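The values are calculated or read from the model by the stated rules, or taken from the named source; none is laboratory data. Treat the numbers as computed from the prediction; the structure is a model and nothing was measured. Cβ sites come from the backbone with ideal geometry, for glycine too, and all protein chains shown count toward neighbours.
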Amino acid sequence: MFLAVSFKKWYFKASFGISLAFLSACSPTLDSRGYNLESLDTTNIKVGMDTKQTIQERLGSPSTTSVFAPHQQGTAWYYIAKKTSTTAFYTPETLDQQVIVIYFDAQDVVRDVQQYKGEQQVEAVKRKTETSGYESSVFRDIFGNFGRYSGPAKTR
């Protein structure tokens, strides 16, 4: 009798533990990536006075840079922060995203500072870059190598 009661308690505890493990796997995982934008003070950036060097000393290296800024000449630095929530094996859900963009002119002086909140779609450019060469085809790939390679050189 004692053994049957003990087994029931053990079975209940084990099934409760396994259920708890499965439920805890379904709890979301919060991730913070990139910069802590609350610690970045962009109010002290002076347009026309600050340079890349002074910005890097104050804010650190950017998350990414762009050679092609919206302004015709110069570059742009991007400071990106993103908070996501991931549940089990599902696609992460963005909770918050902020991007600070600092535009520089050709002399590396700050031209503009922009701040964006949330995710924004980037419009892809539809143009194509022309390349030199020929169009490949199945027949060209199959028959194009006939006669190109021969066996080892004949020696006399």
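If the condition is being surrounded by 11 or more Cβ atoms within 10 Å (Cβ to Cβ), under 22 Å from the mean Cα position of the chain (by Cα) and of a type in the set (Val, Ile, Thr), then region 90-112 contributes Thr94, Val99, Ile100, Val101, Ile102.
Among the residues making up region 34-82, a single one is under 23 Å from Gly118 (Cα atoms), at pLDDT 85 or above and of a type in the set (D, E, K, R): Lys82. Filtering Val109, Val113 for residues that are under 30 Å from Ser39 (Cβ atoms) and in contact with a Lys or Arg (Cβ under 9 Å, 6 or more places away or on another chain) leaves a single hit, Val109.
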